[in-house]
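This report refers to the structure that appears directly beneath it.
The values are calculated or read from the model by the stated rules, or taken from the named source; none is laboratory data. Fair warning: this is a prediction, and the values are worked out from it, not measured in the lab. Here Cβ is always computed from backbone atoms with ideal geometry, including for glycine, and neighbour counts include all displayed protein chains.
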Amino acid sequence: MATKIIENRYGERNKEVSERYLRDVFGSFVTGVTVVTAATGDGFAGFTVNSFTSVSLSPPIVLFCADLGSATATRIEGSGAFAVNILGRHQKELSDRFCTSGCDRFSGVEVASAATGAPILHDALAYVDCELDGAATAGDHRILLGRVLSAGRLCDDKEPLAFYQGGYR
C-alpha cells in the first residue's frame with residue numbers, strides 16, 4: 001500500500017513544524033477552559049488553563065500544564081494543593097481576568113473554600129480539589145499532577161466555555 005502525502009489547505013506539503021505553525025495546528029483541537037487556583041502562604045493564586053485533563057479514575061488523578069516562566073504556577077506548586085474550576089460560557093470575562101498579569105485577579109470575585117483551602121469560583125460549572133501528587137518538566141512547561149480529594153458539579157444548566165483556533169466558543 002502506498003503512503004499518500006497530505007497537503008494542507010494552502011497546498012503546502014511537508015510543512016516545517018515551526019512554533020507558530022504548530023500552534024495553529026493545535027488550535028484545531030477544541031479545549032475546555034479552566035481556572036486553576038490555590039491558597040498559598042501569601043494569599044490566593046490562580047490563572048487560566050486550557051491544558052487540563054483527567055489522567056486516571058482509580059486512583060482519581062488529573063493534570064494541568066503551565067509555562068516554566070509562570071510565577072503563578074510556581075506558587076500553586078509550592079502550596080501543595082490546587083483546585084481546577086471548569087468555566088462556563090458565561091464566564092469568559094473571568095477567564096480573561098485570570099490570564100491578565102499585574103492585577104488582583106481575585107478582587108471582587110466570589111469564592112468558596114475547598115477542603116484544601118483552594119478557592120472555588122462562584123458559578124463555575126464544576127470543580128475538582130486536589131493535593132499535588134507529582135510534577136515534571138517537559139520542554140518549556142511544567143506538568144502538575146493532582147490526586148482528586150473532592151469534586152462537584154455546580155451549574156448543570158449552563159454551556160461550557162471552549163477555546164478553538166485562538167478564540168472562545
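Applying the condition of being loosely packed, with under 10 Cβ neighbours inside 10 Å and of a type in the set (V, I, T) to region 5-54 and asking which residue is modelled with the lowest pLDDT yields I6. Taken over region 73-86, the criterion of being among the β-branched types (V, I, T) and in contact (Cβ under 8 Å) with a residue 12 or more places away in the chain is satisfied by I76, V84, I86. Identify the residue in region 87-107 that is in contact (Cβ under 8 Å) with a residue 24 or more places away in the chain and assigned to a loop (DSSP other than H, G, I, E, B) and, among all such residues, is nearest to A124 (Cα to Cα). Within region 87-107, the match that is nearest to A124 (Cα to Cα) is L87.
Of the residues making up region 47-77, those that are under 10 Å from the mean Cα position of the chain (by Cα) and in a strand (DSSP E or B) number 9.
Has region 153-164 got any residue that is under 19 Å from G69 (Cα atoms) and within 18 Å of the chain's Cα centre (by Cα)? Checked against the condition, which is being under 19 Å from G69 (Cα atoms) and within 18 Å of the chain's Cα centre (by Cα), region 153-164 yields no hits at all.
Let's see how each residue does on (1) surrounded by 14 or more Cβ atoms within 10 Å (Cβ to Cβ); (2) farther than 21 Å from V62 by Cα; (3) out of contact with any Asp or Glu (no Cβ under 8 Å at 6 or more places or on another chain); (4) in contact (Cβ under 8 Å) with a residue 24 or more places away in the chain:
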| position | (1), (2), (3), (4) |
| --- | --- |
| A115 | no, no, no, yes |
| A124 | yes, no, yes, yes |
| C130 | yes, no, yes, yes |
| L154 | yes, no, no, yes |
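If you go through region 108-123 one residue at a time, how many are among the hydrophobic types (A, V, I, L, M, F, W, C), part of a loop (DSSP other than H, G, I, E, B) and under 23 Å from A71 (Cβ atoms)?
Residues in region 108-123 being among the hydrophobic types (A, V, I, L, M, F, W, C), part of a loop (DSSP other than H, G, I, E, B) and under 23 Å from A71 (Cβ atoms): 3 in total.
Checked against (1) part of a loop (DSSP other than H, G, I, E, B); (2) under 30 Å from Y21 (Cα atoms), L145 passes all but a single condition, namely (1).
Pairs linking a residue in region 52-63 that is more than 14 Å from I143 (Cβ to Cβ) to a residue that is in a loop (DSSP other than H, G, I, E, B) and hydroxyl-bearing (S, T, Y), with Cβ atoms under 6 Å and 6 or more positions apart or on different chains, do not occur.
When the residues of region 77-92 are filtered to those that are among the charged types (D, E, K, R) and out of contact with any Phe, Trp or Tyr (no Cβ under 7 Å at 6 or more places or on another chain), the one that is surrounded by the fewest Cβ atoms within 10 Å (Cβ to Cβ) is R89.
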